[in-house]
Amino acid sequence: MSSARSERTVRDRIERRILAIFGLSTVLLLLGMFYYPVGTVFIEAIVVDGSATISVFLDILRDPFYFGETARLFAGESPGWDLFRPGRELGLVEFTAWQAVLSTLASLALGLPLAYLLARFEFRGRRTLRSLTILPFVLPSIMVAVGFVATFGSNGTVNDVLGLFGLGSINMTGTLKIIILAHAFYNAPLVARIVAASWETVDASAVETARSLGAGPLRAFWDVVAPQLYPAVLMSAALTFVFTFGTFPIVLALGDLSLATVEVWVNRLIGRFNYAEAAGLAIIELAISLSVLYAYLRYEAKQSNQARGVRPLPRKSLRPASRSPRELLPRIGLGVYSLIALVVFVAPIVSMIYASLTGPTGFTLDHFQFLIERQTGGADFQIQPWPAIRNSLVFGFATLLVALPMGVTVAVLTTRKYRGRKLVDVVTMAPLAVSGIIVGLGLLRGLVFGVEIAGYRIFVGGAIAIIAAHAVAGYPFVVRTVAPGLEKLDPQLLESARSLGASRARALLDVELPLVWPGVVAGAAFAFAISIGEFSATIILAEGANQYTMPIAIERFIGRRLGPATAMGVVLLFVTSLSFVVIERIGGEHSGL
Amino acid sequence: MASEPAVELTAVRKEYGKTMALDGISFAVEPSEFFTLVGPSGCGKTTTLRLVGGFEQPTSGTVQFGGRDVSGLPPEDRDVGVVFQNYALFPHMTVSENIAYGLNFSEPPGDVTDEERVSELLELVDLAGMEDRDPAALSGGQKQRVAMARALAPGPEILLLDEPMSALDAQLRERLRITIREIQQELGITTIYVTHDQEEALAISDRVAVVNDGGIEQIGTPEQIYDEPKTEFVAEFIGDNNVFTGVITALDETVTVDLGEETVDVAPADTLDEPTVGDRMRFCVRPEDFVVGQERNSIRAHVESAEFLGDRTRVHLSWGGTELLALTDEPLDGEVSLGFEPADAHIISQY
């Protein structure tokens with residue numbers, strides 16, 4: 001009986017090592033597509049004329065253009081009270097931090113009521129609403145920018161509505177307000193998700209104990225519920241700060257140069273071929289972002305692991321139980337909130353579609369007509385729609401092919417228990433914390449311009465570099481959707497398969513993957529959507545080459561005419577939604593296994 | 001030439017970081033033997049089974065199958081079938097797909113097709129007609145039998161059962177353990193069984209190893225384990241027992257032991273050292289071996305409570321500060337005198 005098993009074929013031997021092979025490939029890809037490029041940027045900033053120096057950093061830190069009055073601090077002078085003088089001119093980095101703080105506050109203001117609604121009330125469509133909060137993550141930011149212009153710009157829908165009531169007009173294009181609103185569009189749902197999840201683990205019996213000891217409902221909230229929510233609120237605030245500190249397409253499309261943030265300026269410096277300063281600035285940005293994240297993680301580590309409740313707080317109905325103020329006030333508040341939420345979250349998308357179909361004379365297909373004319377009759381140097389769509393799709397599928405196996409491999413490697421797993425976790429998830437512009441710049445200066453290895457000069461085409469950057473940005477999402485499922489699987493399922501003769505890889509294929517298939521599909525959808533919407537790395541790498549994608553096309557259009565930009569935005573929205581549906585369908589068949 | 005043991009562990013140690021799970025255990029399982037590891041939770045019995053299955057590697061020591069060192073071999077190369085506590089049926093496969101899974105990697109034993117093999121096994125575990133069911137639609141006992149069939153399908157040399165019945169109710173457990181024993185004897189397959197239930201261990205096994213705190217306390221047939229416990233732990237863990245400690249005062253055909261208030265005679269143990277007057281010693285008496293009102297070897301105890309069990313009554317008594325247990329035919333009350341035959345007392349240790 002055992003002889004049948006001892007006869008190993010070549011195929012068998014490959015199968016047994018397949019996981020190791022995938023692991024090694026993942027490491028090599030990460031090294032080549034992430035760590036090497038990021039390292040290139042570092043070296044770019046540190047090595048000037050062949051010798052190591054920190055002068056690039058010092059120059060940036062001491063330049064009032066970047067750091068305003070704070071620069072004098074770095075230069076060794078004492079700015080004194082000037083530092084806190086209201087209305088003083090902010091340096092570029094200072095301004096970036098300032099708008100990130102405002103965006104964080106706005107996101108909290110818009111996100112916390114949503115968390116309250118999701119965690120404490122039961123109503124029709126609650127689950128759907130909850131799933132929808134993931135959507136902003138995958139909506140291409142440049143498309144959202146177009147939507148905001150179409151909503152809050154001088155010819156936007158908000159002005160149309162105000163005009164109907166004879167209420168004058170606003171123009172938020174090119175203001176800090178519209179940028180902060182757009183940031184809130186992205187990050188408030190994130191705040192809501194994180195805080196609601198934490199709220200749902202608050203133990204009802206803790207609140208009931210406080211109530212029985214004499215605390216009123218409000219007092220019980222402040223004393224029992226709120227302290228359990230602080231870590232989640234702080235975490236979502238830290239993440240929002242980091243995301244908005246590294247903002248790029250939103251500001252590029254919505255603001256003018258007076259509102260430039262760090263990444264916008266890095267991009268401009270690259271355009272001027274000032275790579276050293278671009279790299280230095282990008283590294284300073286990374287350092288600030290990582291310090292905020294690190295400070296948060298230190299705080300989190302200090303929090304003792306609270307016992308999580310087994311019995312969550314019961315959800316209330318949206319219909320008030322009585323006409324008492326205690327019942328009515330929160331619901332009226334939520335009603336007002338939902339109107340504001342409608343304007344911030346729904347209006348931009350609806351306005352974009354509306355704007356793409358209307359002109360000065362009412363309903364029109366002119367903007368789509370324009371895209372077609374540009375395609376058929378445009379000059380070579382002009383951005384054409386079809387190549388943008390084609391490139392986006394090609395990059396999207398190529399990203400999927402790379403990011404999916406990478407993500408699954410990392411998920412498998414990080415759910416097993418072994419020494420050094422934490423390190424693997426950090427090393428493989430680092431791409432989440434590093435902005436696309438650094439990866440893009442690194443790829444450009446390294447592999448795209450050419451690298452000399454053992455006398456051979458190695459080039460990587462722009463298209464390959466774009467796919468690499470997209471895959472690096474997308475695969476952590478595959479890990480995040482696949483790993484929790486794997487973690488929950490009974491390890492004895494795997495052990496049963498192994499004892500029945502299945503190799504590790506075969507057991508993964510036969511048992512684990514079919515059981516976490518919905519997670520794999522969700523990860524694929526994320527990776528694809530991230531690629532379709534990616535802007536920062538693409539705009540750096542696609543420059544000059546014929547590799548622009550839909551987001552790049554929109555950015556080119558938006559500067560000149562809003563109409564074609566909204567039309568292109570609708571096409572992007574359509575392609576993104578369609579790919580989601582297609583991937584869901586494929587997944588649907590398999591999940592029936 | 002004597003045949004090699006089917007499974008042999010030699011001085012196996014297993015440490016998890018600084019925690020010692022197994023402290024150098026050794027035992028051998030003969031071909032076709034039903035061998036049970038019994039012990040309280042956390043004693044190391046499941047770790048031992050996982051080492052045999054190849055799911056863990058020993059920190060030191062060797063694991064051999066039929067004289068062949070299998071250390072370092074992954075589970076898929078060990079030719080073992082495993083049934084886990086929670087069955088671990090593949091939820092995305094039907095009953096027959098579950099059973100057939102192992103046949104992807106090896107030919108079925110005998111000259112049969114995969115389909116025929118699956119039918120054979122369904123027949124064996126009495127589940128014919130359940131082929132296309134989802135595991136989720138099965139009862140606990142049915143799941144357990146599917147898990148058994150799946151483990152046996154490729155015709156493994158060794159069957160490992162890790163508390164396969166602990167999730168089932170008492171009546172079903174009793175029926176299933178008969179089924180398991182019958183299947184094991186029909187196939188003549190070497191089986192290692194892990195349980196915390198001493199009654200189950202005694203009922204089902206050829207030999208039993210009592211495991212405690214990472215070491216083996218005693219290995220023997222169920223009768224040996226029950227009648228001649230070698231350590232206080234075995235005496236107390238296997239069945240109910242009353243342990244007495246006293247000083248040897250005289251040596252005769254029997255050993256006379258001073259318990260403080262009373263003096264009793266116990267039969268000498270041939271396995272221990274020659275007893276000496278003045279030594280302290282420990283012996284045990286089973287609850288069912290007490291005879292109420294017997295003059296010889298009697299001790300006086302006070303009845304604390306009694307549980308009516310149907311055919312017998314379980315009586316809790318206090319003797320000095322010590323709790324005693326007796327099984328009697330009728331309920332007792334107040335002060336009673338309990339006697340026992342010297343041969344029914346089993347000496348555990350002398351020191």
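The values are calculated or read from the model by the stated rules, or taken from the named source; none is laboratory data. Keep in mind that this is a model prediction, so the values were computed, not measured. Because the Cβ atoms are built from the backbone with ideal geometry, glycine has one as well, and the counts that use them run over all protein chains shown. Keep in mind that these areas ignore ligands, DNA and RNA; they rest on the heavy atoms of the full protein, side chains included. Shrake-Rupley method; radii C 1.70, N 1.55, O 1.52, S 1.80 Å.
Of all the listed residues (B:Phe35, B:Phe84), the sole one being at pLDDT 95 or above and under 17 Å from the mean Cα position of the chain (by Cα) is B:Phe35. B:Val52 meets the stated requirement of being in the same structural domain as B:Thr221 (by TED's automatic domain parsing) and crowded, with 21+ Cβ neighbours inside 10 Å. When A:Leu541 is tested against (1) over 26 Å from A:Gly153 (Cα atoms); (2) over 20 Å from the mean Cα position of the chain (by Cα), exactly one condition is not met: (2). Just the residues that are buried (at least 22 other Cβ atoms within 10 Å of the Cβ) and among the polar types (S, T, N, Q), please, taken from the stretch A:239-266. A:Thr240, A:Thr244, A:Thr247, A:Thr261, listed by residue number.
Modelled with pLDDT of 85 or more, outside the structural domain of A:Phe152 (by TED's automatic domain parsing) and assigned to a helix (DSSP H, G or I): does that describe A:Leu578? Against the criterion (modelled with pLDDT of 85 or more, outside the structural domain of A:Phe152 (by TED's automatic domain parsing) and assigned to a helix (DSSP H, G or I)), A:Leu578 does not qualify. Determine whether the stretch B:302-322 contains at least one residue that is touching a residue at least 60 places away in the same chain (Cβ under 8 Å) and among the aliphatic types (A, V, I, L, M). Within the stretch B:302-322, not a single residue is touching a residue at least 60 places away in the same chain (Cβ under 8 Å) and among the aliphatic types (A, V, I, L, M). When B:Gly42 is tested against (1) more than 25 Å from the chain's Cα centre (by Cα); (2) more than 13 Å from every other protein chain (Cβ to nearest Cβ); (3) open to solvent by 20 Å² or more (accessible area, probe 1.4 Å), just one condition goes unmet, and that condition is (1). Inspection of the stretch B:184-207 identifies at least one residue that is surrounded by fewer than 16 Cβ atoms within 10 Å (Cβ to Cβ), away from every other protein chain (no Cβ under 14 Å) and closer than 19 Å to B:Gly81 by Cα. Can you tell me which residue within the stretch B:318-343, out of those that are in contact with an Asp or Glu (Cβ under 6 Å, 6 or more places away or on another chain) and modelled with pLDDT of 90 or more, is least open to solvent (accessible area, probe 1.4 Å)? Step by step, filter the stretch B:318-343, then rank; the result is B:Phe340. Filter the stretch A:210-259 down to the residues that are small (Gly, Ala, Ser), outside any helix (DSSP H, G or I) and closer than 21 Å to A:Ser289 by Cα and list them by number. Hit for the stretch A:210-259 is A:Gly246, nothing else. Provide a single number: the residues in the stretch B:24-39 that are open to solvent by less than 20 Å² (accessible area, probe 1.4 Å), farther than 13 Å from B:Val210 by Cα and not aliphatic (A, V, I, L, M). The number of residues fulfilling the criteria is 2.
Quick one: which of A:Ser236, A:Ser289 is hydroxyl-bearing (Ser, Thr, Tyr), buried (at least 20 other Cβ atoms within 10 Å of the Cβ) and at pLDDT 85 or above? Only one candidate qualifies: A:Ser236.
Against the condition within 11 Å of chain A (Cβ to nearest Cβ), under 21 Å from the mean Cα position of the chain (by Cα) and open to solvent by less than 20 Å² (accessible area, probe 1.4 Å), how does B:Val12 come out, does it pass? So B:Val12 does not fit the description; no.
The criterion of at least 1 residues that are at pLDDT 75 or above and outside the structural domain of A:Arg416 (by TED's automatic domain parsing) is met by the following helices (runs of 4 or more DSSP H) wholly inside the stretch A:8-85: A:36-46, A:55-61, A:64-74. For the stretch B:120-158: of the residues being among the basic types (Lys, Arg) and surrounded by fewer than 24 Cβ atoms within 10 Å (Cβ to Cβ), which is nearest to A:Leu494 (Cα to Cα)? The qualifying residue nearest to A:Leu494 (Cα to Cα) is B:Lys143.
Can you find a residue in the stretch A:118-133 that is at pLDDT 85 or above, in contact with a helix residue (DSSP H, G or I) (Cβ under 6 Å, 6 or more places away or on another chain) and assigned to a helix (DSSP H, G or I)? Scanning the stretch A:118-133 turns up at least one residue that is at pLDDT 85 or above, in contact with a helix residue (DSSP H, G or I) (Cβ under 6 Å, 6 or more places away or on another chain) and assigned to a helix (DSSP H, G or I). The sole residue among B:Glu182, B:Glu163 that is of a type in the set (Asp, Glu) and touching an Asp or Glu at 6+ places or on another chain (Cβ under 9 Å) is B:Glu163.
Of the residues B:Glu253, B:Glu217, the single one that is more than 26 Å from B:Gly24 (Cα to Cα) and open to solvent by 20 Å² or more (accessible area, probe 1.4 Å) is B:Glu253.
Tallying residues that are of a type outside the set (Gly, Ala, Ser), open to solvent by less than 70 Å² (accessible area, probe 1.4 Å) and closer than 15 Å to B:Ala343 by Cα within the stretch B:289-309 yields 5. Picking from residues in the stretch A:490-546 that are more than 10 Å from chain B (Cβ to nearest Cβ) and outside any helix (DSSP H, G or I), the one that is surrounded by the most Cβ atoms within 10 Å (Cβ to Cβ) is A:Glu534.
Every condition in (1) assigned to a loop (DSSP other than H, G, I, E, B); (2) open to solvent by less than 30 Å² (accessible area, probe 1.4 Å) is met by B:Ala21 except one, and the failing one is (1). Specify the residue that is farthest from the other protein chains (Cβ to nearest Cβ); the eligible residues are those in the stretch B:60-73 that are surrounded by 14 or more Cβ atoms within 10 Å (Cβ to Cβ) and under 29 Å from B:Ile99 (Cβ atoms). This residue is B:Val63. Starting from residues that are more than 20 Å from B:Ser32 (Cα to Cα) and more than 7 Å from chain A (Cβ to nearest Cβ), keep the ones in the stretch B:74-90 and report whichever is surrounded by the fewest Cβ atoms within 10 Å (Cβ to Cβ). Step by step, filter the stretch B:74-90, then rank; the result is B:Gln85.
Selection of the stretch B:275-299 for residues being in contact with a Pro (Cβ under 9 Å, 6 or more places away or on another chain) and under 26 Å from B:Ile225 (Cα atoms) yields B:Pro275, B:Met281, B:Cys284, B:Asn297. Quick check on B:Arg207: is it within 23 Å of B:Leu327 (Cα to Cα) and of a type in the set (Lys, Arg)? No: the conditions fail for B:Arg207. Residues in the stretch B:203-231 that are touching a strand residue (DSSP E or B) at 6+ places or on another chain (Cβ under 7 Å), assigned to a helix (DSSP H, G or I) and of a type in the set (A, V, I, L, M, F, W, C): B:Ile204, B:Ile225. Scanning the stretch B:142-173 for residues that are in a helix (DSSP H, G or I) and either within 11 Å of chain A (Cβ to nearest Cβ) or over 21 Å from B:Asp132 (Cβ atoms) (or both) gives B:Ala147, B:Arg150, B:Ala151, B:Leu152, B:Ala170, B:Gln171, B:Leu172, B:Arg173. From the list B:Val234, B:Val247, the lone residue that is in a strand (DSSP E or B), open to solvent by less than 70 Å² (accessible area, probe 1.4 Å) and hydrophobic (A, V, I, L, M, F, W, C) is B:Val247. Could you tell me whether any residue of the stretch B:314-334 is farther than 30 Å from B:Ala269 by Cα, in contact with a His (Cβ under 6 Å, 6 or more places away or on another chain) and in a strand (DSSP E or B)? No, the stretch B:314-334 has no match at all.
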